[in-house]
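> So that we are looking at the same thing, I have put the structure below in C-alpha cells.
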Amino acid sequence: MATIWQCGRFEFDLERPILMGIVNVTPDSFSDGGQYDSAQRAIDHARLLIEQGAQILDIGGESTRPGAEPVSVSEELDRVLPALEALGSNNVALSVDTCKPDVMRQALKAGADIVNDVTGFRQQEAVRVVAEHANCGVCTMHMQGEPRTMQHAPTYDDVVQDITKALLASAKRLQDAGISANRIALDVGFGFGKTVEHNYTLLRQIGSFVELGYPIVVGVSRKSMIGAVTGRPVGERVNGSVAAALIAVTLGVRVFRVHDVQATRDAMAVWEAVTYGPEEKK
Ligand code: HH2
C-alpha cells in the first residue's frame with residue numbers, strides 16, 4: 001500500500017484519510033445545479049470546504065456528466081484560473097479537474113499541485129505536460145468510452161481485471177514519461193461507463209486496487225450508484241455517500257473526492273479513533 005502521495009507543494013502521508021473537496025466552477029454540474037457558477041461563489045465555497053477539513057480542493061471548470069455541453073479551453077481557463085489564484089495561499093493542495101493539456105499547462109503555471117484527468121491521460125500531450133512539471137501529483141481515472149455515451153450499456157469481461165489492466169497501463173505511460181510512482185494516484189472512476197452492478201463490484205473489491213501500491217482515490221459522492229440503492233435524489237445522498245467512503249477506508253483507500261467534507265470528516269474521525277485511538281477535540 002502506498003504511504004505517501006507527492007503533490008506539488010505537499011507530500012501527503014496516506015496513513016490517515018485525505019479529503020479532496022469538490023469545487024465546481026460550472027453552471028451545469030449535476031450536483032450543484034449551477035449554484036457555484038461564478039468564480040467568486042466557487043471561491044467562497046472552497047473556503048468553507050477548507051474550514052470543514054479538506055486538504056485538497058479539486059477545481060473543475062467542465063462537467064463530465066452525461067449530456068453536459070463541452071467547454072472551450074478559454075472558457076475553462078476563465079473558470080478555473082481565478083479560483084486557483086485566489087486559493088493559492090491557504091495551505092491546501094489545489095487540484096485541477098481537466099482533460100485538456102492546455103488547461104493543465106496554465107493551471108500548473110498558476111500554482112496547481114495536482115492534475116486530475118477523468119480520461120486517464122489518454123492524450124499523449126497531457127502526459128507531456130505533467131511530465132514537464134517537477135513534482136505535481138497526478139490522478140489518473142478510468143473511464144470506458146466518452147462522457148456523452150459512456151452509460152449506454154457498458155460491458156466488461158471482468159470489471160475488476162479490465163480496470164486494473166487499464167489503470168496499470170496508464171500509470172506505466174506516466175512513469176515512462178519520467179513521472180515517479182509516488183506522484184501517481186489511481187481512480188477506478190465510479191459511474192464513468194459502469195452499471196450500478198459494476199460500481200458495487202468495484203467498491204466491494206477496492207482493496208485489490210489498494211494492493212497495486214499506488215494511492216487510490218475514490219469518488220462516489222452523491223453519485224447515481226448511491227441514489228440507485230437509497231432511492232434518494234442528488235441533494236439527499238450525503239448519508240449513503242459517507243457510508244460508501246467509510247467502507248472504502250476500511251478496505252485501505254485513503255483519498256476521497258467528496259462534496260460533503262464535514263460529514264465525511266466526522267465519519268473518518270470515528271474510523272481514526274477506532275484505528276489509532278481517540279484524540280479528543282474540544
Ligand atoms: N467524478 C467526477 C468528476 N471528476 N475525478 C475523479 N478523480 N474521480 C471521480 O470519481 C470524478 C472526478 C464527476 O463529475 P461531475 O459529473 O462534474 O460532478 P461533480 O464534479 O459534482 O462530482
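The values are calculated or read from the model by the stated rules, or taken from the named source; none is laboratory data. Predicted, not measured: the structure shown is a model, and the values here were computed from it. Because the Cβ atoms are built from the backbone with ideal geometry, glycine has one as well, and the counts that use them run over all protein chains shown. The protein model used for the area step is the full one, side chains on, heavy atoms only, and it has no ligands, DNA or RNA in it. Shrake-Rupley method; radii C 1.70, N 1.55, O 1.52, S 1.80 Å.
> Kindly establish whether ARG105 is farther than 27 Å from ARG183 by Cβ and basic (Lys, Arg). I'd like the intermediate steps shown before the answer.
Working: farther than 27 Å from ARG183 by Cβ: no; basic (Lys, Arg): yes.
When the stated conditions are applied, ARG105 does not pass them.
> Could you please find all residues in the range 209-231 being touching a Leu at 6+ places or on another chain (Cβ under 9 Å) and either away from the ligand (no atom under 15 Å from the Cβ) or acidic (Asp, Glu) (or both)? Give the steps one after another, and end with the answer.
In the first step, residues of the range 209-231 are kept if they are touching a Leu at 6+ places or on another chain (Cβ under 9 Å); the result is 209-210, 212, 214-218, 220, 225.
Matches in the range 209-231: VAL210, LEU212.
> Restricting attention to the range 253-276, which residues are among the acidic types (Asp, Glu) and away from the ligand (no atom under 16 Å from the Cβ)?
Listed by number, the residues that qualify are ASP266, GLU272.
> Check off (1) in contact with a Cys (Cβ under 9 Å, 6 or more places away or on another chain); (2) open to solvent by 50 Å² or more (accessible area, probe 1.4 Å) for GLU85 and give me the number that stays unchecked.
Checking GLU85 against (1) in contact with a Cys (Cβ under 9 Å, 6 or more places away or on another chain); (2) open to solvent by 50 Å² or more (accessible area, probe 1.4 Å), the one that fails is (1).
> Considering only the range 193-282, give the helices (runs of 4 or more DSSP H) lying wholly within it that have at least 2 residues that are polar (S, T, N, Q) and open to solvent by 40 Å² or more (accessible area, probe 1.4 Å).
224-230, 238-250, 261-276
> Now for a different question. Scan the range 142-175 for residues that are open to solvent by 50 Å² or more (accessible area, probe 1.4 Å) and either more than 20 Å from LEU203 (Cα to Cα) or in contact with a Ser or Thr (Cβ under 7 Å, 6 or more places away or on another chain) (or both) and jot them down.
GLU146, ARG148, THR149, HIS152, ALA169, LYS172, ARG173, GLN175
> Still on this structure, please answer the following. In the range 41-65, which residues are in a loop (DSSP other than H, G, I, E, B), at pLDDT below 95 and out of contact with any helix residue (DSSP H, G or I) (no Cβ under 6 Å at 6 or more places or on another chain)?
SER63, THR64, ARG65
> Scan the range 176-189 for residues that are away from the ligand (no atom under 16 Å from the Cβ) and either in contact with a Ser or Thr (Cβ under 8 Å, 6 or more places away or on another chain) or of a type in the set (Ser, Thr, Tyr) (or both) and jot them down.
Within the range 176-189, just SER180 meets the criteria.
> Can you confirm whether the range 20-40 contains a residue that is surrounded by fewer than 16 Cβ atoms within 10 Å (Cβ to Cβ), without any contact (Cβ under 8 Å) to a residue 60 or more places away in the chain, away from the ligand (no atom under 12 Å from the Cβ) and in a helix (DSSP H, G or I)?
Yes, the conditions are met somewhere in the range 20-40.
> From the list VAL217, VAL249, exactly one residue is touching a residue at least 60 places away in the same chain (Cβ under 8 Å) and within 22 Å of VAL127 (Cα to Cα). Which is it?
VAL217
> Please work out which one of (1) outside any loop (DSSP other than H, G, I, E, B); (2) under 25 Å from SER241 (Cα atoms) is the condition ALA169 fails and give its number.
Of everything listed in (1) outside any loop (DSSP other than H, G, I, E, B); (2) under 25 Å from SER241 (Cα atoms), ALA169 misses just condition (2).
> Select from the range 56-76 the residues that are open to solvent by 40 Å² or more (accessible area, probe 1.4 Å), near the ligand (Cβ under 8 Å from one of its atoms) and of a type in the set (Asp, Glu) and list them in ascending order.
Selection gives GLU62 alone.
> Moving on. Could you run through the range 123-154 and say how many residues are assigned to a loop (DSSP other than H, G, I, E, B), more than 14 Å from the ligand (Cβ to nearest atom) and at pLDDT 95 or above?
Number of matching residues: 5.
> Hey, another quick one. Output yes when any residue across the range 106-116 is touching a strand residue (DSSP E or B) at 6+ places or on another chain (Cβ under 8 Å), open to solvent by 40 Å² or more (accessible area, probe 1.4 Å) and in a helix (DSSP H, G or I), and no when none is.
No - not one qualifying residue is present in the range 106-116.
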